[in-house]
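One structure is given below, encoded as structure tokens.
Bear in mind these aren't lab numbers, they're just calculated from the coordinates by the rules spelled out. Keep in mind that what you see is a predicted model, and the values were worked out from it rather than measured. Positions of Cβ are generated from backbone atoms using ideal geometry, with glycine treated the same way; all protein chains shown enter the neighbour counts.
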Amino acid sequence: PDSLGNTHTIAGNLTLKSATKGVSFPAKVALAEGNCTAECALSIDRTQWGVVYGSKNIFKNLGDKFINDIVDLKIKLSAAAN
């Protein structure tokens, strides 16, 4: 585990607005009694997936009326064996 308690690196594809990009991120993964749980936090740049509305990096004249390009995601997954 790292200093944040992450035990694994998860890699896969993230699709937003028909754009697919590869992502990888550290996560806490646990197995107990036939169940698997995973928790992670990551940040993405939404413009990399074509989500550009209100982006000051795309639209230079927005002044202070912009939306941050960086989006923080917190994900919790749970799976049970059948």
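Couple of notes before you dig in:
- Residues of segment 1-43 satisfying the condition of being acidic (Asp, Glu) and within 17 Å of Ser78 (Cβ to Cβ): Glu33, Glu39
- Candidate set from segment 1-58 (those that are at negative phi and basic (Lys, Arg)); member that is farthest from the chain's Cα centre (by Cα): Lys56
- Segment 29-73: number of residues that are under 16 Å from Gly12 (Cα atoms), in a strand (DSSP E or B) and in contact (Cβ under 8 Å) with a residue 24 or more places away in the chain: 8
- Residue in segment 33-43 that is in contact with an Asp or Glu (Cβ under 6 Å, 6 or more places away or on another chain) and of a type in the set (S, T, N, Q) present: yes
- Any hit, segment 54-69, residues being among the charged types (D, E, K, R) and in contact with a strand residue (DSSP E or B) (Cβ under 8 Å, 6 or more places away or on another chain): yes
- Meets criteria (loosely packed, with under 12 Cβ neighbours inside 10 Å, aliphatic (A, V, I, L, M) and touching a strand residue (DSSP E or B) at 6+ places or on another chain (Cβ under 6 Å)) for Ile10: no
- When restricted to residues that are more than 23 Å from Ala80 (Cα to Cα), of a type in the set (S, T, N, Q) and touching a strand residue (DSSP E or B) at 6+ places or on another chain (Cβ under 7 Å), segment 13-23 contains 1.
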